[in-house]
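The values are calculated or read from the model by the stated rules, or taken from the named source; none is laboratory data. From a predicted model like this one, the values you see are computed outputs, not experimental measurements. Because the Cβ atoms are built from the backbone with ideal geometry, glycine has one as well, and the counts that use them run over all protein chains shown. The accessibility values were calculated without ligands, DNA or RNA, using every heavy atom of the protein model including side chains. Shrake-Rupley method; radii C 1.70, N 1.55, O 1.52, S 1.80 Å.
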Amino acid sequence: MSIKKATQMHALGNVVFDSLSYFERRVILSRMQNNDIPRFMYKYRSINISDKKSIDKIREIIVWNEVWLSSPHNFNDPFDMRARFIFDGTIKDKIKTAKQLAKLRDLNYKQTKVLVSNVVRETDEDARAYVEKSYYKQMKNMGVASFTGDPKSVLMWSHYSHNHTGICIQYEVVRDFTFISNLGEVKYYPDYPVFNWINSTPQKLHNILLHKYEGWKYEKEYRMVLIDRADKPYKLNNRAITGIIFGCKASDEIIKKVLEIIKEREANGNPPINLYRAVQHKSQYAVSIHRY
């Protein structure tokens, strides 16, 4: 399918999805991907009350309903979305894969013939190096927004919300079509995934984007990946944010500033959101979430 056709289908899907009732959307989510996507996604954020840029970023999220799509090139983990590429198969396999790729790209007969000829003529190592280079070049331009399904992670509050002093934003997945259709659960492993171009499929390539070192397992990450959208904001439906959780060590000053930003949000025509507070458990290494 061409990129143009895929874009048209996605636009149609958005229109259809937006026309469904809230209950119908919930039913769709419950049937998707064996129901492994939680109802809510969360994003931890730190806040520096004396830093205008920090406050502006929180305003972009809460008032303008934006999430930032980062390039994997700027990730704090240089191993993320990496793979071990191989090019292993018979001549017949290579021809078959080349023709499938040509069809996917909507190439004409002459273009397909040239592609097949190049694939057959190249050495396995040259082809492998080309596939690897092409992938990493494209990867830099992928826009990635990371979320978690766990709002009670002591480590996440510590690492991404400045020692429990920031906030955690709650999103309801069914309230945005792009969100629900591009969200994938990250899987954790000790080794790079192996990608053989000869028997490649879009699903196998997509799995690389959701493959991460097992040391990050505590994050319970889900990510939204959009092609050619790196280093840009993505505007979610204004109903997607359904709650804000204040960290258990959030100061009165930080809470006051966030409440001011929430007032800006409502003045801008956005629906109200629920407020919560993370509270340290009295006998366990844990936090619980209470209504604020």
Where does region 190-292 land on Rg(C-alpha)/(2.2 N^0.38 Å)?
1.55
Nearest 10 degrees, 0 to 90: helix 109-121 Cα axis against the chain principal axis:
80 degrees
Between GLU214 and GLU60, what length comes free when the chain is fully extended (0.36 nm per residue of separation minus the Cα-Cα distance, one decimal in nm)?
52.3 nm
Quick check on the chain: helices-only [θ] at 222 nm, where DSSP H runs of length 4 and up contribute -39,500 (n - 2.57) each and the sum goes over total residues. Nearest 500, please.
-12500 deg cm²/dmol
Reach of LYS133 by Cα under 18 Å, taken over lysines that are not fewer than 8 positions away in the same chain:
LYS204
Residue by residue, what Karplus-based ³J(HN,Hα) values in Hz, rounded to whole numbers, does region 69-82 have, using 6.51, -1.76 and 1.60 with θ = phi - 60° and x for Gly and Pro?
9, 7, 7, x, 4, 9, 4, 6, 10, x, 8, 4, 6, 8
Sort TRP157, TRP64, TRP216 by heavy-atom solvent-accessible area, probe 1.4 angstrom, most to least.
TRP64, TRP216, TRP157
Using only Cα atoms, tell me the angle between helix 22-31 and the longest principal axis of the chain; keep it within 0 to 90° and round to the nearest 10.
50 degrees
When only Cα pairs under 8 Å and 6 or more residues apart are kept, what is the percent relative contact order across region 176-292?
23 percent
Just tell me which lysines come within less than 17 Å, Cα to Cα, of LYS110; anything on the same chain fewer than 8 places away is out.
LYS96, LYS99
Simple SL model, points at 7 angstrom along Cα→Cβ for ILE95 and PHE79; separation in nm is 4.2 nm
Just want to confirm a number: the relative contact order over region 223-292, from Cα pairs under 8 angstrom separated by 6+ residues, in percent.
32 percent
Which trypsin sites (Lys or Arg not before Pro) in region 201-292 sit in a loop by DSSP (not H, G, I, E or B) and have at most 16 other Cβ atoms within 10 Å of their own Cβ?
ARG239, LYS249, LYS282
Considering only DSSP beta bridges whose two residues both sit in the chain, what percent are antiparallel, to the nearest 5?
75 percent
For the chain, size of Cβ-based charge dipole, Lys and Arg +1, Asp and Glu -1, in debye:
520 debye
Tell me the accessible surface of GLU122 in square angstrom (1.4 angstrom probe, heavy atoms of protein chains only), to the nearest ten.
80 Å²
List HIS164, HIS73, ordered by accessible area with a 1.4 Å probe, largest first
HIS73, HIS164
At what distance in nm do the modelled label points of TYR192 and VAL114 sit from each other, each positioned 7 Å from its Cα along Cα→Cβ?
3.0 nm
For GLU122, net neighbour charge (Lys/Arg +1, Asp/Glu -1) across residues whose Cβ lies under 10 Å away:
0
What does the charge dipole of region 98-145 about its Cα centre add up to, to the nearest 20 debye, if the Cβ of each Lys and Arg holds +1 and the Cβ of each Asp and Glu holds -1?
260 debye
Quick one: what are the phi-derived ³J(HN,Hα) couplings along region 85-91, Karplus 6.51/-1.76/1.60 with θ = phi - 60°, whole Hz, x for glycine and proline?
8, 9, 9, 10, x, 6, 4
In debye to the nearest 20, how big a dipole does region 157-278 give about its Cα centre with +1 on each Lys and Arg Cβ and -1 on each Asp and Glu Cβ?
120 debye
How high is the relative contact order of the chain, in percent, counting Cα pairs under 8 Å that sit 6 or more residues apart?
28 percent
